[in-house]
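Novice: The following block contains the structure, expressed as structure tokens.
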Amino acid sequence: MKNILEAPFLIEMVRTASNMYAHGWDERNGGNISLLLEEQDAAEYLTGRPVLRAIPTGFSAPELTGKYFLVTGTGKYFKNVEHDPEANLGIVRLTDGGQTAQLLWGYSDGGQFTSEFPAHMMSHVARLKVDPANRVVMHCHPGNLLAMTYVHDLDEKAFTRTLWQMCTECIVVFPDGVNVLPWMLCGTNEIGEATAGKMATARLVVWSQHGIYGAGKDLDETFGLIETAEKAAEIYMKIAHLPRVNTITDAQLHLLEGRFNVKAREGYLQ
Ligand code: 13P
Ligand code: ZN
């Protein structure tokens, strides 16, 4: 059996957690990541491993039965992942219609997956319906996006348009825009269902006064998605209190659509 600590997917996960911490997006135990493993990786690294523990999930997700996920642990600090991946991360196989997670590796100090497991798994289901290549759901607490939810209208179209206007490349990176949830109690099936509902139409979902969720086909792409939205929010927080003399116009956003072959969310541009 191959050594999981040498698996490219595990190395990439560790690098991503460290990088997110370095960006200041994951104070203390803030944030969580889940990666749907490729079948070939699961076969190479996990076949024959005994089930260490069976953990009830508290929800069902029949679409994910038999699937393997690498997931950050609850209460774990992203800054520590690189120093002890086996305590801070775990690999689970979902069975029983998604109601049971079989632990195959990790959470070595007796821990378990993130408290936001419902939002992660339900978001995987939602994104896989739109894009079968989706593999990653990522949650974190970037300061400028969070700050923006205190001072900006939470209407999704208004929020998205502001971000698109802050950096030229935003509309290219997230043409589907940013969906927004009001403040809700985190760590619940309810916020999981609401997040998954929003994931049907966009890869970014803001949790007001809390943070953001991103989804994508790999860790790099998902990190880059959040990074781009956070940069736009940073520009907004630098200029929000100043008179706006210039902006990126809708005509210019249409030019970007044409040049980079993307289609802005229907009805979001004039
Ligand atoms: P966990 O430590 O359970 O992953 O929770 C962190 C968090 O960001 C909750 O929203
Ligand atoms: Zn959080």
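Novice: Across segment 122-143, what is the number of residues that are in a helix (DSSP H, G or I) and within 16 Å of ligand 2 (Cβ to nearest atom)?
Specialist: 3
Novice: Sort out which residues of segment 182-193 are in a helix (DSSP H, G or I) and open to solvent by less than 30 Å² (accessible area, probe 1.4 Å), and write them in order of number.
Specialist: Residues satisfying the conditions are Ile191, Gly192.
Novice: On to the next question. Could you check segment 64-94 and list, in sequence order, the residues that are of a type in the set (Phe, Trp, Tyr) and within 17 Å of Glu38 (Cα to Cα)?
Specialist: Tyr68, Phe69
Novice: Here is a follow-up. Would you list the helices (runs of 4 or more DSSP H) that sit entirely within segment 15-101 and hold 3 or more residues that are away from ligand 2 (no atom under 16 Å from the Cβ)?
Specialist: 39-46, 85-88
Novice: Let me ask you something else. So, Lys79, is that one within 15 Å of ligand 1 (Cβ to nearest atom) and open to solvent by 60 Å² or more (accessible area, probe 1.4 Å) or not?
Specialist: Yes; evaluated as a whole, the condition is true for this residue.
Novice: Could you list all residues from segment 200-222 that are within 16 Å of ligand 2 (Cβ to nearest atom) and either buried (at least 21 other Cβ atoms within 10 Å of the Cβ) or closer than 23 Å to Phe9 by Cα (or both)?
Specialist: Correct list: Leu204, Val205, Val206, Trp207, Gly211, Ile212, Tyr213, Gly214, Ala215, Thr222.
Novice: Pull up segment 119-140, narrow it to residues that are of a type outside the set (A, V, I, L, M) and more than 13 Å from the chain's Cα centre (by Cα), then point me to the one that is surrounded by the fewest Cβ atoms within 10 Å (Cβ to Cβ).
Specialist: In this case the residue turns out to be Pro132.
Novice: While we're on this one: What are the pairs with Cβ atoms under 8 angstrom where one residue, in segment 177-192, is free of Cβ contacts under 8 Å to residues at least 60 places away in the same chain and the other, located anywhere, is in a loop (DSSP other than H, G, I, E, B) and away from ligand 1 (no atom under 14 Å from the Cβ)? Sequence gap at least six, or different chains.
Specialist: Note: pairs meeting the criteria are Val178/Ala202; Asn179/Thr201; Asn179/Ala202; Val180/Leu154; Val180/Asp155; Pro182/Leu154.
Novice: Could we say that Tyr68 is in contact (Cβ under 8 Å) with a residue 12 or more places away in the chain, of a type in the set (Ser, Thr, Tyr) and crowded, with 21+ Cβ neighbours inside 10 Å here?
Specialist: yes
The values are calculated or read from the model by the stated rules, or taken from the named source; none is laboratory data. None of the values given here were measured: they were computed from a predicted structure. Methodologically, a virtual Cβ is constructed for each residue, glycine included, from the backbone with ideal geometry; neighbour enumeration extends over all protein chains shown. For accessibility, only protein heavy atoms count, side chains too; no ligands or nucleic acids. Shrake-Rupley method; radii C 1.70, N 1.55, O 1.52, S 1.80 Å.
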